[in-house]
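Undergrad: Provided herewith is a single structure, encoded as C-alpha cells, for subsequent inquiry.
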C-alpha cells in the first residue's frame with residue numbers, strides 16, 4: 001500500500017494536521033465499494049491529484065482508530081470514507097461512491 005501512511009494513534013494524525021492538512025482513508029478489505037474507492041484514491045495519489053499526506057485505516061485490523069476518529073473528530077463512521085483534517089478539525093469528508101480524488105478540496 002505504497003503512497004499511504006499507517007497511523008498508530010489518532011494523536012499522531014492530529015499532530016500531523018497541525019503542520020499540514022492530512023487525508024484519512026478508512027478502508028474495508030472485504031467491501032467492493034471500498035476496493036473501488038481505494039483504487040480511486042491510489043490513482044489520485046500517483047497522479048498527484050491528491051497532494052496531502054494520506055493515512056490509511058484498515059477496518060479489519062484498526063477498528064479502534066476508526067472509533068477514535070469518530071469520537072475525536074466528531075465524524076460518523078462510514079466505510080469506505082475519506083476525511084480531510086486540518087489543525088485537528090475535520091474540514092471535509094466523503095463516503096462510498098462520493099470518494100473521488102478530484103472532489104477533495106485543494107490548498108486547505
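Undergrad: Filter region 41-54 down to the residues that are outside any loop (DSSP other than H, G, I, E, B) and crowded, with 18+ Cβ neighbours inside 10 Å and list them by number.
TA: Going through region 41-54, the residues outside any loop (DSSP other than H, G, I, E, B) turn out to be 41-46, 54.
Those that are outside any loop (DSSP other than H, G, I, E, B) and crowded, with 18+ Cβ neighbours inside 10 Å: 41, 42, 44, 45, 54.
Undergrad: Any idea which of 7, 35 is without any contact (Cβ under 8 Å) to a residue 60 or more places away in the chain and touching a helix residue (DSSP H, G or I) at 6+ places or on another chain (Cβ under 7 Å)?
TA: Numbers: 35 fails: touching a helix residue (DSSP H, G or I) at 6+ places or on another chain (Cβ under 7 Å).
After applying the criteria, what remains is 7.
Undergrad: Here's a follow-up. Kindly indicate the residue of region 1-10 that is in a loop (DSSP other than H, G, I, E, B) and out of contact with any strand residue (DSSP E or B) (no Cβ under 8 Å at 6 or more places or on another chain) and also surrounded by the most Cβ atoms within 10 Å (Cβ to Cβ) among those meeting that condition. Break it down stepwise before answering.
TA: If we filter region 1-10 for residues that are in a loop (DSSP other than H, G, I, E, B), which is where we start, we get 1-4, 7-9.
Cutting the leftovers down to out of contact with any strand residue (DSSP E or B) (no Cβ under 8 Å at 6 or more places or on another chain) gives us 2, 8-9.
On the way: 2: 6, 8: 9, 9: 11.
Residue satisfying both the conditions and the ranking: 9.
Undergrad: Further question on the same structure: Just the residues that are on the phi > 0 side of the Ramachandran plot and either surrounded by 14 or more Cβ atoms within 10 Å (Cβ to Cβ) or within 13 Å of the chain's Cα centre (by Cα) (or both), please, taken from region 78-91.
TA: Residues of region 78-91 on the phi > 0 side of the Ramachandran plot: 87-88.
The answer is 88, and nothing else.
Undergrad: From the list 69, 57, 75, 13, pick out the single residue that is surrounded by 15 or more Cβ atoms within 10 Å (Cβ to Cβ), modelled with pLDDT under 95 and part of a loop (DSSP other than H, G, I, E, B).
TA: On the way: 69 fails: part of a loop (DSSP other than H, G, I, E, B); 57 fails: part of a loop (DSSP other than H, G, I, E, B); 13 fails: part of a loop (DSSP other than H, G, I, E, B).
From the options 69, 57, 75, 13, the qualifying one is 75.
Undergrad: How many residues are assigned to a loop (DSSP other than H, G, I, E, B), in contact with a strand residue (DSSP E or B) (Cβ under 6 Å, 6 or more places away or on another chain) and crowded, with 18+ Cβ neighbours inside 10 Å if we restrict to region 92-108? First the steps, then the outcome.
TA: Step one: filter region 92-108 for residues assigned to a loop (DSSP other than H, G, I, E, B), giving 99-100, 104-108.
Imposing the further condition that a residue be in contact with a strand residue (DSSP E or B) (Cβ under 6 Å, 6 or more places away or on another chain) reduces the set to 99, 105, 108.
From the residues that got through so far, the ones that are crowded, with 18+ Cβ neighbours inside 10 Å too are 99.
Counting residues in region 92-108 that are assigned to a loop (DSSP other than H, G, I, E, B), in contact with a strand residue (DSSP E or B) (Cβ under 6 Å, 6 or more places away or on another chain) and crowded, with 18+ Cβ neighbours inside 10 Å gives 1.
Undergrad: OK, next. In region 41-91, what residues are in contact with a strand residue (DSSP E or B) (Cβ under 8 Å, 6 or more places away or on another chain), farther than 26 Å from residue 30 by Cβ and free of Cβ contacts under 8 Å to residues at least 24 places away in the same chain?
TA: 74 - this is the single residue of region 41-91 that is in contact with a strand residue (DSSP E or B) (Cβ under 8 Å, 6 or more places away or on another chain), farther than 26 Å from residue 30 by Cβ and free of Cβ contacts under 8 Å to residues at least 24 places away in the same chain.
Undergrad: Taking region 20-39 as the region of interest, how many residues are within 16 Å of residue 102 (Cα to Cα) and either surrounded by 18 or more Cβ atoms within 10 Å (Cβ to Cβ) or under 11 Å from the mean Cα position of the chain (by Cα) (or both)?
TA: Going residue by residue through region 20-39, those that are within 16 Å of residue 102 (Cα to Cα) are 22-25, 36-39.
Next, only the ones that are either surrounded by 18 or more Cβ atoms within 10 Å (Cβ to Cβ) or under 11 Å from the mean Cα position of the chain (by Cα) (or both) stay: 22-25, 37-38.
Result for region 20-39: 6.
The values are calculated or read from the model by the stated rules, or taken from the named source; none is laboratory data. None of the values given here were measured: they were computed from a predicted structure. Positions of Cβ are backbone-derived with ideal geometry, glycine not excepted, and every protein chain shown enters the neighbour counts.
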